[in-house]
Amino acid sequence: EFREVSFSYNGREQVLERLSFEIRAGEHLALVGPSGVGKTTLLSLILCFYKPTSGEIYFDGRPASGLKVTSLRQRIGYVSQNTLLLSGTIMDNLRYGYPEAGDDEIINAAQAAETHDFISDLDSGYNTEIGEKGVKLSEGQKQRLSIARALVKAPDILVLDEPTSSLDGRTEESIFVSLPAYVKDKTL
């Protein structure tokens, strides 16, 4: 819940001003608008990358300012509009953020993100080295891995910031067909 939240990067110009809304557990909400209106800023506030200039953000009725950021972020899966992958294997990247994930959890997440088939077609499958920043992968493949990585940890809250911007229409449609079953009880 956002209660009267305002935010400014420079202390003068308000990016968000007295914004109030509530998303209940399990609800799905889409924020739509032109570039520069504050959508990514709003997501950054949810993820506690920034603190509101004024007002308060609440999770389960508790103020974010009183919660440990690490505990809160463990409950949130985040897919950025700018995909970040690490050098190492596909499996390493999918386990990042939730190292104790089992192979079945990883494969289920990869299937929901429409990435399992392309991984399986690689010579070393999930053990394929992807290079620094995923240089050996296409932008669409990177983005699907990013979606799968967010799903692996089975978060309570899933935050997607333009998660399909690098995908072709068919793959995007496939993800939006398989994703709802995977996130039906999640706040999205």
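The values are calculated or read from the model by the stated rules, or taken from the named source; none is laboratory data. What you are looking at is a predicted structure, and each value in this text was computed from that prediction instead of being measured. As a convention, Cβ positions derive from the backbone with ideal geometry for all residues, glycine included, and neighbour counts pool all protein chains shown. Accessible surface is based on the protein model in full, side chains and every heavy atom, while ligands, DNA and RNA are left aside. Shrake-Rupley method; radii C 1.70, N 1.55, O 1.52, S 1.80 Å.
Within segment 78-98, can you find the residues that are of a type in the set (Gly, Ala, Ser) and modelled with pLDDT of 90 or more? Walk me through how you get there before you give the answer.
Within segment 78-98, the first condition is being of a type in the set (Gly, Ala, Ser), and the residues that meet it are 80, 87-88, 97.
Result: 88, single match.
Of 109, 101, 148, 154, which residue is at pLDDT below 90 and in contact with a helix residue (DSSP H, G or I) (Cβ under 8 Å, 6 or more places away or on another chain)?
Working: 109 fails: at pLDDT below 90; 101 fails: at pLDDT below 90; 148 fails: at pLDDT below 90.
Exactly one residue qualifies, and that residue is 154.
Taking helices (runs of 4 or more DSSP H) that do not extend beyond segment 65-173, which have at least 3 residues that are open to solvent by less than 30 Å² (accessible area, probe 1.4 Å) and of a type outside the set (Ser, Thr, Tyr)?
Values: elements: 69-74, 90-95, 103-112, 116-121, 139-152.
So the answer is 90-95, 103-112, 139-152.
From the residues in segment 1-11 that are part of a loop (DSSP other than H, G, I, E, B) and either polar (S, T, N, Q) or at pLDDT 85 or above (or both), which one is most open to solvent (accessible area, probe 1.4 Å)?
So the first thing to find is which residues in segment 1-11 are part of a loop (DSSP other than H, G, I, E, B), and the list is 1, 8-11.
Within this subset, residues satisfying the condition of being either polar (S, T, N, Q) or at pLDDT 85 or above (or both) are 1, 8-10.
Working: 1: 66, 8: 13, 9: 123, 10: 67 Å².
Ranking the candidates gives 9 first.
Filter segment 24-49 for residues that are open to solvent by less than 50 Å² (accessible area, probe 1.4 Å), of a type in the set (Gly, Ala, Ser) and either without any contact (Cβ under 8 Å) to a residue 40 or more places away in the chain or touching a helix residue (DSSP H, G or I) at 6+ places or on another chain (Cβ under 6 Å) (or both) and give the result.
Correct list: 33, 38, 44.
Any idea how many residues of segment 119-147 are of a type outside the set (A, V, I, L, M), in contact with a Leu (Cβ under 9 Å, 6 or more places away or on another chain) and farther than 17 Å from residue 162 by Cα?
Of the residues in segment 119-147, the ones of a type outside the set (A, V, I, L, M) are 120-121, 123-129, 131-134, 136, 138-144, 146.
Filter once more, keeping what is in contact with a Leu (Cβ under 9 Å, 6 or more places away or on another chain): 126, 128, 131-134, 139-140, 142-144, 146.
Pick out the ones that are also farther than 17 Å from residue 162 by Cα and you get 126, 128, 131-134.
Selection size over segment 119-147: 6.
State whether one or more residues within segment 13-23 are closer than 25 Å to residue 142 by Cα, among the hydrophobic types (A, V, I, L, M, F, W, C) and either open to solvent by less than 40 Å² (accessible area, probe 1.4 Å) or out of contact with any strand residue (DSSP E or B) (no Cβ under 9 Å at 6 or more places or on another chain) (or both). Walk me through it before giving the result.
At the first step, the residues of segment 13-23 found to be closer than 25 Å to residue 142 by Cα are none.
No, that holds for no residue.
Just give me the residues in segment 30-56 being at pLDDT 90 or above, of a type in the set (Ser, Thr, Tyr) and outside any loop (DSSP other than H, G, I, E, B), in sequence order.
Going residue by residue through segment 30-56, those that are at pLDDT 90 or above are 41-56.
Within this subset, residues satisfying the condition of being of a type in the set (Ser, Thr, Tyr) are 41, 44, 50, 53-54.
41, 44, 54 - these are the residues of segment 30-56 that are at pLDDT 90 or above, of a type in the set (Ser, Thr, Tyr) and outside any loop (DSSP other than H, G, I, E, B).
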